[in-house]
Every structure is written in C-alpha cells, then in structure tokens.
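S.K.: This structure is in structure tokens; I'll ask about it shortly.
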Amino acid sequence: MTEHLPVLIVTLPLAAAVVVPVVALASGRAARAVSLGALAASHLAALAALRAVLADGTWRYPLGGWPEPWGIEYVLDPLAGAMAVLVSFMALVAACYAGGAPAGASRSSGVEHALHLLLAAGLVGIVLAGDAFNLFVFLEISALAGYGLLARGGDRAAVAVFRYLLVGTIAASFYLLGVGYLYAVTGTLGLADLAARLPAVAETGIVGVALALVVVGLALKIALYPLHGWLPDAYAHAPAPALAFVASATGKVGVYVLLRFLFFVFPEGEASRRVLELLGLAGALAVVAGSLFALAERDLRRMLACSSVGQIGYLVLGLALANAWGLVGALLHAANHAVMKACLFMAAANVSESTGAARVDDYAGVARHLPLTMAAFVAASLSMIGLPPFGGFFSKWYLVLGALERGAWLYVLAIVASSLLTAAYLFRVLEQAYFRAPAPEAREGAALAPSIGREARPAQLVPVLVLALGVLGLGLFNQLLVDAALVPALPARVR
Amino acid sequence: MPHADYAIAVVLLLLGLHGVLASASLVRKLMALGVVQVAVIVLFVSLSAKSGAQPPIVAPGAEAPLARAHVNPLPHALMLTAIVVGVSTTGVALALLVRIQRRYGTLDEAELLRRLRE
C-alpha cells in the first residue's frame, strides 16, 4: 500500500467525487462521511508521502509502471510534498466547515461535496503532475470544479463566474500554447525532461515566447495585478464554505506552478531574469493596490476578496526576489495566507449567518455576541497585518530579508506600506466589533428572534478555531517548518 | 514560409481573443472562446503532420518501424483530451448562460450590466 501513496493522494478524492452524488441520494450523512473520509485519507497520504520524501529524496511514481518519457509520472519532491500537504489540509478543513452548513436537499448537497472533492483532486493533481500536459488537465479540472462551486451563490454569482470562466479558459489556452511551443522545440512534455533539454535551446525566440505565454496564463489564473479584474466579483457572491477553500488554495497552487516553471524547468538566463523583474514589479504593485482596493470596500466579503489580490502579490514578490529568503518567505506566506484567509472568510460567514452583518458598519458590537468567532477573526487579522507571534509576521520578515539581500528597497517599502494599509482596513472591522454599540435595528432584530446573535453551531465554529490556532502555530513553530520542509523544497540554484 | 502553422495558431488565437473582448453577446463570447481553444489544438495537430507518412499503426510481426514513416500520435492523443476539456468548459458555460437568461432575460452584456445595477 505505502508504495502507492503518491497516486492515492489524487485518486481518493477523485473516486469519492464520483461516488458521493449517488450516495447522497440515499443519505446526506453518509455522503458527508464518504467525502470527509476521502479527504482525511488523502491528507494523511500526503503527510506520509512528505515524510518519506524528506527522508529519502524525490519520489517518482510511474502510473501503470510505464516510466517517463513513455508513461505518465507523478513526481513528489519536497516542494510538491509540502504543497500537497497544505492543499489537502485546506480541503479537509473547508469540507468539515461545508458539512456544518444547514443541510439542504440531499441531492444538492451531493453535488456540493462532489465539486469540493473534484477541486481537491484537481489541485493536488497539479502539484503532483510530472509533465506539463497533465498539469494542464488538472488545472482545468480544478478550474471547472471551482466555477461550479462559486456559481452556487445565486444569480449574480452566475454572471461573475461566467466572466471568470472566460478569463480562466483564456489563461489555460495561453498556458497550453506555451507548452505546445516547448514541445515543438524539445519534443518532450515531462517537466524533468524539459529542464534537461531546454538549456540547449534557451536563447531561441520560441522558448522566450513559450515562457511569456506560460507566465501570462498563470498570472491570469492567480489574479496577479493588473490581471485581477475577475476575482472580486467571482468571490463576492460565492457561498462561504466554497469560498474558504477556493480562495485559500487555488491561488497558492497557481503560484506553485509559476515557481515550478521559473525555477525548476526554465533555465537561468536573460529571458527568465527579465520575466522575474516584471513579476517583481507586478507583485510590488499588487501588494499595495490590493490593500488599497480592500480599503475602499465597505462590504466585508468583497474587502477580503480584494485583499487576496494583495496577498498573491506577496507570493509573487517572493518568487521575483529569486533568493533563498524570498522563496522561503513566499512558501511560508502561501501556508499563512491559506490558513488566515480561510479563517477570515469562515468567521465572516458565521457572523453574517448569526447577525446578518455583511458590511463593515454592521459589525458594531458583534464581539459581544460572538466572542469566540471574533477572537479567531482577531488572530487571523493580526497575522494578515504581520504582527508577531502570528504566522504572517514571519513570512513578511523573510520577504523583507530577501529584499534587503537584493538591495531592493522599493519592495521593502511596498511590503511595509501594504502592511499598514492592511492594518487600516482590518482594524476598521475590529473597532466596530469591539468598541461600538450595536445599531438600534440590530438590537430590535435580536429581540425578535432569540437565535440571532449567537455563536454558530460547533460544526461551523470548530474549523474557525482550528484555523485560528493554526495561524498561531505557523508563527510559533515557523523555524521548525522552514528548516524541516521549506529549505529542502528550495530549487538547487538558490540554495 | 517556415512554420506557417505557428503563425496561423497565433492569428486564430488573436481572432478568438478579439471576439471574447469585443462581442456584445455572451453567447458570441463563448463561441469566440472556442476559437481560442481551437487555435491551440491546430498548433498541436500541425506539429505531428508529416507529408508521406502513415498513420501510427504497426502490423504485428512487421519489421522494426521507422519513426519517420509514421505520424507522431502523441499530439493527437493530447488534443483529444484538450477537446474533452473544451467540451466540459463549454458545457459549464452554457449552464451558466441558461441561468443568466432565466433570471435576467437577456444575454446582451450591456443590457445585462444595466439590469444588474437595478
């Protein structure tokens, strides 16, 4: 069994996605059990595989026993292993939360579970894929599942998701066109094979075009400023459980693919240096612009969505620094942002379900009614701003160290400015929640329905608290994490 | 002209992109998106084209086959998958369009935006 761990990480959620809609017809509870079981097993497999990889080095798993270049391979190196653990963990926590939502018709809950599982399978598939084409297929599996999940938030969501679908498909076509050019010059699709053959043709125009197409395609997918236009609308109307997973995992996996191509596949050289320079500029603009957009929003969900545009900027900035500190900062921030943004989205959903609060001004006095949820919100907010001992402080610290090593003062300035702006838009919420009295109409509402203004049921509260502890844990044990998993994950050229 | 196929793929891609951006109707945007996907498919299929070559089928007991006498089957296999991906995307997009049409009664972008604002 253990020799098949890499393939189990992907196939468990994939198989469950097929089974769950049928099971849900008989029993919603059984469907939930199957879905959670598959995601938990996938997460455990990812953890075990990461442990094996850290001990014994890269694990290549040829599907059906056919080795590359004839067969399809899953490749698990420390970087892929760490990402698989992160993605499968977020899938599991978000599914626990999703299951906590009030059960609707069992048929529709089966669809919801199936889409969630498909998204999880697609995302870990991207991470494990050993060749550029399977990566594309998993990219589209995850994208389609993501469209389905986000579109479940009502009619406005359908319009926003249609736009996201246009952009996402164009992005995937760019990526695939780039891969086609790479195949034309090298005759291979395997990522390791490409890395071996590209240096010989690195200075040709076609490789430059391929690099540009792949990078632009991925930048669209991760909503890197100024290609972020689709994101706020697509996220603003989505149902909370879906959002917690989509917002926390898809962008991170897109950045992972960017990292994989820029540092493991394409050789160092003039073209990749210029691309990194441009990405650095876009990342620096993104961290400031994303925070400004968030500051301008009064709707909490849209505010958090806009802040994701800024947070993706940090990751890209870390890549663009192209040194060990920068990449460690980017990877650590990927984990931090996944955990804290999921925590914020879930906490906001709990608050809005309990009190109907959707806008920042509606949060007046909320902390009195939902002390635990708001405590988690505070922990995640402090981490977003980057205050010690929360995780966000350390990843930003590594990014600043990386920028200083490069002598890139502009990036340091962007990181500091964005942190201050983040403080501005999040403290607004905290001020309302802790220091303002509830608005009179909210009190009236509380008098009408006794259920209003209470903490959510445990199934919705516990995932939020777990993530809040995760935010703290990622900060307190960051050194452990960096030394054990992130430093081995760095590409050879920056180590 | 060497590599006219590369240029054709790019021209098709640009035509498709123009359609996605410039069309007023969401259905036309979706059709233009199909052109974008076809551009990529054309490129891959043209990569495996070879004049005077056979389909990649080797009879049992034949002499060791020469690669240059056969068409490269890999891009075709890849594009079958890409077409399936494209069909799935179109399916999801059409489902969304049905919902938009039912709720807002229009698939014209400007009109839709006006009704969303109301």
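S.K.: Within the stretch B:34-46, track down each residue that is over 8 Å from the mean Cα position of the chain (by Cα) and at the interface with another protein chain (Cβ under 9 Å from one of its Cβ atoms).
M.R.: Result: B:Leu43, B:Phe44.
S.K.: Does the stretch A:165-180 include one or more residues that are farther than 29 Å from A:Glu68 by Cα, assigned to a loop (DSSP other than H, G, I, E, B), among the β-branched types (Val, Ile, Thr) and modelled with pLDDT of 90 or more?
M.R.: Within the stretch A:165-180, not a single residue is farther than 29 Å from A:Glu68 by Cα, assigned to a loop (DSSP other than H, G, I, E, B), among the β-branched types (Val, Ile, Thr) and modelled with pLDDT of 90 or more.
S.K.: Can you tell which of A:Gly168, A:Gly153, A:Gly148, A:Gly130 is more than 25 Å from B:Val92 (Cα to Cα), out of contact with any Ser or Thr (no Cβ under 8 Å at 6 or more places or on another chain) and either more than 10 Å from chain B (Cβ to nearest Cβ) or not β-branched (Val, Ile, Thr) (or both)?
M.R.: Values: A:Gly168 fails: more than 25 Å from B:Val92 (Cα to Cα); A:Gly153 fails: more than 25 Å from B:Val92 (Cα to Cα); A:Gly148 fails: more than 25 Å from B:Val92 (Cα to Cα).
Testing whether each residue is more than 25 Å from B:Val92 (Cα to Cα), out of contact with any Ser or Thr (no Cβ under 8 Å at 6 or more places or on another chain) and either more than 10 Å from chain B (Cβ to nearest Cβ) or not β-branched (Val, Ile, Thr) (or both) leaves just A:Gly130.
S.K.: For the stretch A:254-272, what are the residues that are touching a Ser or Thr at 6+ places or on another chain (Cβ under 7 Å) and buried (at least 24 other Cβ atoms within 10 Å of the Cβ)? Give the derivation first.
M.R.: The initial filter retains those residues of the stretch A:254-272 that are touching a Ser or Thr at 6+ places or on another chain (Cβ under 7 Å), namely A:262, A:266.
The one that is touching a Ser or Thr at 6+ places or on another chain (Cβ under 7 Å) and buried (at least 24 other Cβ atoms within 10 Å of the Cβ): A:Phe266.
S.K.: Something else: If we keep just the residues of the stretch A:67-84 that are touching an Asp or Glu at 6+ places or on another chain (Cβ under 9 Å) and of a type outside the set (Val, Ile, Thr), which is surrounded by the fewest Cβ atoms within 10 Å (Cβ to Cβ)?
M.R.: A:Pro67
S.K.: Exactly one of these conditions fails for A:Ala49: (1) more than 21 Å from A:Leu486 (Cβ to Cβ); (2) touching a residue at least 12 places away in the same chain (Cβ under 8 Å); (3) part of a helix (DSSP H, G or I). Give me its number.
M.R.: All conditions pass for A:Ala49, except number (1).
S.K.: Count, please, the residues in the stretch B:69-96 that happen to be within 20 Å of B:Ala22 (Cα to Cα) and more than 7 Å from every other protein chain (Cβ to nearest Cβ).
M.R.: Qualifying residue count for the region: 2.
S.K.: Step by step: first the residues of the stretch A:341-381, then only those that are among the hydroxyl-bearing types (Ser, Thr, Tyr) and buried (at least 24 other Cβ atoms within 10 Å of the Cβ), then the one that is modelled with the lowest pLDDT. Which residue is that?
M.R.: First, pick out the residues of the stretch A:341-381 that are among the hydroxyl-bearing types (Ser, Thr, Tyr): A:352, A:354-355, A:363, A:373, A:381.
Subset that is buried (at least 24 other Cβ atoms within 10 Å of the Cβ): A:363, A:373, A:381.
Details: A:Tyr363: 80, A:Thr373: 87, A:Ser381: 91.
Among residues in the stretch A:341-381 that are among the hydroxyl-bearing types (Ser, Thr, Tyr) and buried (at least 24 other Cβ atoms within 10 Å of the Cβ), the one modelled with the lowest pLDDT is A:Tyr363.
S.K.: Okay, next question. Tell me yes or no: at least one residue of the stretch A:63-76 is of a type outside the set (S, T, N, Q) and at positive phi.
M.R.: Within the stretch A:63-76 (the criterion being of a type outside the set (S, T, N, Q) and at positive phi), the answer is yes, since at least one residue qualifies.
S.K.: Exactly one of these conditions fails for B:Ala24: (1) at the interface with chain A (Cβ under 10 Å from one of its Cβ atoms); (2) in contact with an Asp or Glu (Cβ under 7 Å, 6 or more places away or on another chain); (3) not aromatic (Phe, Trp, Tyr). Give me its number.
M.R.: (1)
S.K.: Follow-up question, since we're still on this one. Condition first: of a type in the set (Val, Ile, Thr), buried (at least 19 other Cβ atoms within 10 Å of the Cβ) and within 22 Å of the chain's Cα centre (by Cα). Can you find one or more residues in the stretch A:13-20 that meet it? Steps first, answer last, please.
M.R.: We begin by selecting, within the stretch A:13-20, every residue of a type in the set (Val, Ile, Thr); these are A:18-20.
Subset that is buried (at least 19 other Cβ atoms within 10 Å of the Cβ): A:20.
Applying the additional criterion that residues be within 22 Å of the chain's Cα centre (by Cα) yields none.
No, the stretch A:13-20 contains no residue that is of a type in the set (Val, Ile, Thr), buried (at least 19 other Cβ atoms within 10 Å of the Cβ) and within 22 Å of the chain's Cα centre (by Cα).
S.K.: Would you be able to tell me the number of residues in the stretch A:184-215 that are closer than 19 Å to A:Phe263 by Cα, part of a helix (DSSP H, G or I) and facing chain B (nearest Cβ under 10 Å)? Give the steps one after another, and end with the answer.
M.R.: Of all residues in the stretch A:184-215, those closer than 19 Å to A:Phe263 by Cα come to A:186, A:188-204, A:206-215.
Next, only the ones that are part of a helix (DSSP H, G or I) stay: A:186, A:191-201, A:206-215.
Then drop every residue that is not facing chain B (nearest Cβ under 10 Å), which leaves A:206, A:209, A:213.
Looking only at that region, the number is 3.
S.K.: Do we have A:Ala282 as touching a residue at least 60 places away in the same chain (Cβ under 8 Å), closer than 21 Å to A:Ser383 by Cα, surrounded by fewer than 24 Cβ atoms within 10 Å (Cβ to Cβ) and of a type outside the set (Phe, Trp, Tyr) here?
M.R.: Details: touching a residue at least 60 places away in the same chain (Cβ under 8 Å): yes; closer than 21 Å to A:Ser383 by Cα: no; surrounded by fewer than 24 Cβ atoms within 10 Å (Cβ to Cβ): yes; of a type outside the set (Phe, Trp, Tyr): yes.
No.
S.K.: Could you tell me whether B:Ser51 is more than 25 Å from A:Gly71 (Cα to Cα), of a type outside the set (Lys, Arg) and either loosely packed, with under 13 Cβ neighbours inside 10 Å or out of contact with any strand residue (DSSP E or B) (no Cβ under 6 Å at 6 or more places or on another chain) (or both)? First the steps, then the outcome.
M.R.: Working: more than 25 Å from A:Gly71 (Cα to Cα): yes; of a type outside the set (Lys, Arg): yes; either loosely packed, with under 13 Cβ neighbours inside 10 Å or out of contact with any strand residue (DSSP E or B) (no Cβ under 6 Å at 6 or more places or on another chain) (or both): yes.
Criteria met by B:Ser51.
S.K.: Considering only the stretch A:103-112, I want to know if a residue exists there that is within 14 Å of chain B (Cβ to nearest Cβ), part of a helix (DSSP H, G or I), under 29 Å from A:Leu259 (Cβ atoms) and out of contact with any strand residue (DSSP E or B) (no Cβ under 8 Å at 6 or more places or on another chain). Spell out how you get there, then give the answer.
M.R.: Step one: filter the stretch A:103-112 for residues within 14 Å of chain B (Cβ to nearest Cβ), giving A:111.
Still in the list and also part of a helix (DSSP H, G or I): A:111.
Remaining after also requiring under 29 Å from A:Leu259 (Cβ atoms): none.
No, the conditions are met nowhere in the stretch A:103-112.
S.K.: Right, next: Select from the stretch B:18-47 the residues that are of a type in the set (Lys, Arg) and surrounded by 20 or more Cβ atoms within 10 Å (Cβ to Cβ) and list them in ascending order. Steps first, please.
M.R.: We begin by selecting, within the stretch B:18-47, every residue of a type in the set (Lys, Arg); these are B:28-29.
Once the filter is applied, which keeps residues that are of a type in the set (Lys, Arg) and surrounded by 20 or more Cβ atoms within 10 Å (Cβ to Cβ), the stretch B:18-47 yields only B:Lys29.
S.K.: Which count do you get for residues in the stretch B:30-64 that are in contact (Cβ under 8 Å) with a residue 40 or more places away in the chain and under 30 Å from B:Gly105 (Cβ atoms)?
M.R.: Residues flagged as in contact (Cβ under 8 Å) with a residue 40 or more places away in the chain and under 30 Å from B:Gly105 (Cβ atoms) within the stretch B:30-64 amount to 4.
S.K.: Can you name the number of the only condition in (1) under 24 Å from A:Pro488 (Cα atoms); (2) in contact with a helix residue (DSSP H, G or I) (Cβ under 7 Å, 6 or more places away or on another chain) that A:Arg273 fails?
M.R.: It fails just one condition, (2).
S.K.: Quick check, is A:Tyr181 among the hydroxyl-bearing types (Ser, Thr, Tyr), within 13 Å of chain B (Cβ to nearest Cβ) and under 30 Å from A:Met340 (Cα atoms)? Can you show your working first?
M.R.: Working: among the hydroxyl-bearing types (Ser, Thr, Tyr): yes; within 13 Å of chain B (Cβ to nearest Cβ): yes; under 30 Å from A:Met340 (Cα atoms): no.
So A:Tyr181 fails the test.
S.K.: Is there any pair with a first residue in the stretch A:139-159 that is aromatic (Phe, Trp, Tyr) and a second that is modelled with pLDDT of 90 or more whose Cβ atoms are under 6 Å apart and which are 6 or more apart or on different chains, and what are they?
M.R.: Qualifying pairs under 6 Å: A:Tyr147/A:Val161; A:Tyr147/A:Leu165; A:Tyr147/B:Val92.
S.K.: Among what's in the stretch B:3-17 and is modelled with pLDDT of 90 or more and within 12 Å of chain A (Cβ to nearest Cβ), pick the residue that is surrounded by the fewest Cβ atoms within 10 Å (Cβ to Cβ).
M.R.: Restricting to residues being modelled with pLDDT of 90 or more and within 12 Å of chain A (Cβ to nearest Cβ), the top hit is B:Leu14.
S.K.: Also, I was wondering about something else. Return yes when A:Leu198 is at pLDDT 90 or above and not charged (D, E, K, R) and no when it is not.
M.R.: Numbers: at pLDDT 90 or above: no; not charged (D, E, K, R): yes.
No, not satisfied.
The values are calculated or read from the model by the stated rules, or taken from the named source; none is laboratory data. This structure is a prediction, so every number in the text was calculated from the model and none was measured. Glycine gets a Cβ as well: all are built from the backbone with ideal geometry, and neighbour counts include every protein chain shown.
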